[in-house]
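The values are calculated or read from the model by the stated rules, or taken from the named source; none is laboratory data. All of these numbers come straight from a predicted model, not from anything done at the bench. FYI the Cβ positions are ideal-geometry reconstructions off the backbone, even for glycines, and counts take in every protein chain you see. Keep in mind that these areas ignore ligands, DNA and RNA; they rest on the heavy atoms of the full protein, side chains included. Shrake-Rupley method; radii C 1.70, N 1.55, O 1.52, S 1.80 Å.
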Amino acid sequence: LGKLFAPSSSSQKASVDGTDKVDLTQPPFTLNEALERIKLDNDRSYFLSGQVDVQAYSPDCIFADPFVSFAGRDRFVDNLANLGSFITNYSAKMINYEVLKDGVQVQTKVMVKLELNLPWKPILAWPWGVRYDIDPESNLIVNHVESWDIEPWEGVKQVFRKPTLTI
């Protein structure tokens with residue numbers, strides 16, 4: 001279902017600094033463009049909306065979270081599309097966005113709240129971070145490493161609790 005309702009990636013244009021348009025059907029041409037495209041992805045809450053800038057990632061990018069690690073941009077895109085059918089509502093607020101290591105690394109922290117499509121409508125909420133490593137030769141993201149500010153098991157337990165928050 002996630003793929004069925006996901007927006008088409010063809011002929012997508014996005015604003016860079018509110019002025020220029022960047023062609024999301026092409027890889028980033030410069031390191032600065034790669035950094036802007038990470039920012040744009042986060043503005044779209046790509047990890048919850050499924051609207052990810054596919055061309056910003058290396059086809060062999062390593063994706064890791066507290067549970068699993070795998071290589072492959074296409075698998076990541078499929079995972080995001082599938083996740084969309086399990087989430088009925090969400091909010092994401094950027095807490096921190098930091099460019100490190102001469103621009104080849106970005107560290108983000110986002111307060112995420114999401115309601116799952118289960119009969120008791122559990123709400124999962126915690127600060128979620130991502131470290132993006134950019135290859136300076138290709139300007140592509142080669143590592144996408146997630147971190148949670150809670151223990152993974154605590155996050156899983158939120159699925160089985162009655163919600164105490166609202167989105």
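By definition, a body whose alpha carbon gyration tensor gives a ≥ b ≥ c is oblate when a/c is 1.5 or more and a/b is not larger than b/c, and region 29-72 fits this oblate description. Taken per residue, the accessible surface of the chain reaches 56 Å², heavy atoms only and a 1.4 Å probe. Atom-type composition of the exposed protein surface of region 17-93 places 49 percent of the accessible area on carbon and sulfur (1.4 angstrom probe).
For the chain, the residue among Ile134, Trp120, Thr30 whose Cα projects farthest onto the positive side of the dipole built from Cβ charges is Trp120.
About its Cα centre, the chain has a charge dipole of approximately 840 debye under the convention of +1 per Lys or Arg Cβ and -1 per Asp or Glu Cβ, with nothing else charged. Charge dipole (Cα centre; +1 on Lys/Arg Cβ, -1 on Asp/Glu Cβ; no other charges) of region 102-165 amounts to roughly 640 debye. A compact globular protein would have a Cα radius of gyration near 2.2 N^0.38 Å; the ratio found for region 112-167 is 1.52. Pairs of Lys residues in region 17-145 are counted when their Cα atoms are under 13 angstrom apart and they lie 8 or more places apart or on different chains; the count is 5. For the set Ser69, Ser58, the ranking by accessible area, highest first and with no ligand, DNA or RNA atoms included, is Ser69, Ser58 under a 1.4 Å probe.
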